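Student: One structure, as structure tokens, below. Some questions next.
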Amino acid sequence: REEGVCKPEGHRHRAKCLSNQKGLPDGSTMQRLLLGCLLVGALTAQAEACPFHCVCQNLSESLSTLCANKGLLFVPGNIDRRTVELRLADNFIRAVGQQDFVNMSGLVDLTLSRNTIGSIQAFAFADLESLRSLHLDGNRLTALRDHNLSGLVNLQHLIVNNNQLVTIGAAAFDDFLLTLEDLDLSFNNLQRVPWRAVRAMVNLHTLNLDHNLIEHVVAGTFGELGKLARLDMTSNRLRTLPPDPLFARSQAGAAPLGPSPFSPVALSFGGNPLHCNCELLWLRRLARQNDLETCAAPPPLAGRYFWSVPEEEFVCEPPLITRHTHRVWVLEGQRATLKCRAVGDPEPAIHWVSPGDKIVVNSSRVTSYRNGTLDILVTTAADDGTYACFATNAAGESSALADLKIIPLPHGGNGSARAPHRRPGSSDITTSNRPPRRRPDEQQEEGEEEGEVQEGQADGETVAVLEVTDTGALVRWPSAASPRRVWMYQIQYNSSVDETLVYR
């Protein structure tokens, strides 16, 4: 080298000279460094994408992350967001949070079986728009609330058996009503099921509700489920079942005549305390084989094989009213109770009809109980009259009458000449401690009573309601020494639930 210029002594030497001149490694060294960097980068990326102790498989460009039975206490945070299959079964995960599966829009299969999950945060699965299968069986869930499963717009298989479910929100399944094919809620503590949601699952193939505490099935729930092929409701608390086309599709040898959108269905409902009366006669008339359902009631049929009981023994008894209130007298403003008791098979439903020929409905002032008791918490003069008690069941109807006599309160002063003039039925109680606002140019008309909105100081006013709040009010009246003392008072107010006036 002379004066910083390389001499042409051959290609190898020249390349080396130019490299040294620029302060760079030669060609072979550069290749080795580049290969080493690529290898280290790949190993680092793999180490970050696969959680510790888990196994990550990349088969056919589909990434699976297998973390089953690894002693995990929570969902690992460094799971590759491109994962298509994620298995987290047989761990000790206690909760599912909103950040656990964020940005995992390509996840198709998620298994969280046999953990200790007791809660799922709202929108925890919001990013799992591609998820097809969710396994939550063998956990400790007590409730599925409205937004716990939000975002699963393509879910086809939901497995939640062997939990402790007591409550399912009415909108818990809304995001996948049209896509769900399999729903397993067996071995829980459900007394109620969101039947409206089940009715809308038009693509449902399998529904498992066995080994719960279900007491009631809404009529028509299964009528439109043309693709339902299996329904298991064994070992619940069903006493009766409403007629439904689904049961006809479960008959032995049943085959649709001509083209039909409905397929045959395998139906199981044994292990329920069936009440074998006329309400189940429609079911007894179906042709079924190899079923072991038995009757739990009435006593003459208890323990007998359901399908061996002749149709003529499926009978009902019309209602018979055994006790009822004949007449009751109460002072206006007091509580009145009317009673009506009836027997029959099935148990009669009891409702009341008011003197105005209207069915009595519950309000803040009136309550009608299932056992036939009618409670009027605070009576008014309008409650006076004859009430009718009706007991009905599938076999007939029975009725009885009850007279309610209201003793009206005296509306007047102490008999002196200063007794105020009142409109019929008006109240002594003022409603505000502030006078009404008037425009400057507005004059009080002759005869206008100003005392109704002032503090009881004007003529004719004896009681004032002060400091009214949402939960209370201060009532003030003259002292006992006053010549116009109060000998009886009544408070009237509105409920925020309805417009019915309440009296105390």
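The values are calculated or read from the model by the stated rules, or taken from the named source; none is laboratory data. These figures come from a predicted structure and were not determined experimentally. Counting neighbours? That spans all protein chains shown, and the Cβs are built from the backbone with ideal geometry, glycine included. Just the protein is used for accessible areas: all its heavy atoms, side chains included, with ligands, DNA and RNA removed. Shrake-Rupley method; radii C 1.70, N 1.55, O 1.52, S 1.80 Å.
Student: Mind grabbing the accessible area of Arg304 for me, 1.4 Å probe, Å², rounded to tens?
Tutor: For Arg304, the solvent-accessible surface is approximately 80 Å².
Student: By per-residue mean of other Cβ atoms within 10 Å, what is the highest-first order of 310-316, 381-387? Each step should come with its number before you reach the end.
Tutor: Values: 310-316: 13.0, 381-387: 15.4.
Ranking, from highest mean packing down: 381-387, 310-316.
Student: How much solvent-accessible surface does Trp477 expose, in Å² to the nearest 10, with a 1.4 Å probe and all protein chains in place?
Tutor: Here the residue's solvent-accessible area equals roughly 110 Å².
Student: Distance in nm between label sites at Ala95 and Leu213, each 7 Å beyond Cα in the beta-carbon direction?
Tutor: Rounded to a tenth, the inter-label distance reads 2.6 nm.
Student: Here's another thing I want to ask about it. Full-extension gain between Asp470 and Ser64, please, as 0.36 nm times their residue separation minus the C-alpha to C-alpha distance. Can you show the working numbers first?
Tutor: Working: separation 406, 0.36 × 406 = 146.16 nm, distance 5.84 nm.
The span from Asp470 to Ser64 would gain 140.3 nm if fully extended.
Student: So for the pair Ile359, Val315, with labels modelled 7 Å out along Cα→Cβ, what separation do we get in nm?
Tutor: 3.0
Student: Which whole-Hz ³J(HN,Hα) couplings does region 175-185 yield from phi under the Karplus relation 6.51 cos²θ - 1.76 cosθ + 1.60, θ = phi - 60°, glycine and proline marked x?
Tutor: Running phi through 6.51 cos²θ - 1.76 cosθ + 1.60 with θ = phi - 60° gives 6, 9, 4, 8, 10, 5, 10, 10, 10, 10, 10 Hz.
Student: How many nm is it between the label spots at Thr167 and Asp182, if each spot is 7 Å from the Cα in line with the beta carbon?
Tutor: 3.0
Student: Please list log₁₀ I(q)/I(0) at q = 0.15, 0.22 Å⁻¹ for region 317-407, using the Debye equation with identical point scatterers on the alpha-carbon positions.
Tutor: Debye output, listed in q order: -0.52, -1.02.
Student: Given a 1.4 Å probe and heavy atoms of the protein chains only, how would you sort His351, His216, largest accessible area at the top? Mind showing how you got there, number by number?
Tutor: Numbers: His351 60, His216 120 Å².
Sorted by accessible area, descending: His216, His351.
Student: Once Rh is set to the Kirkwood radius over Cα pairs, what Stokes-Einstein translational diffusion coefficient, in µm²/s, holds for region 297-361 at a temperature of 4 °C and a viscosity of 1.567 mPa s?
Tutor: Numbers: Rh = 15.6 Å.
D, rounded to a whole number, is 83 µm²/s.
Student: Relative to the present Cα-Cα distance, how much length would full extension add between Tyr305 and Trp329 at 0.36 nm per residue of separation? It would help to have the intermediate numbers written out before the result.
Tutor: Working: separation 24, 0.36 × 24 = 8.64 nm, distance 5.29 nm.
Between Tyr305 and Trp329, full extension yields 3.4 nm more.
Student: What full-extension length gain, to one decimal in nm, is calculated for Ser130 and Val153 as 0.36 nm per residue of separation minus the Cα-Cα distance?
Tutor: Working: separation 23, 0.36 × 23 = 8.28 nm, distance 0.76 nm.
Result: 7.5 nm gained on full extension.
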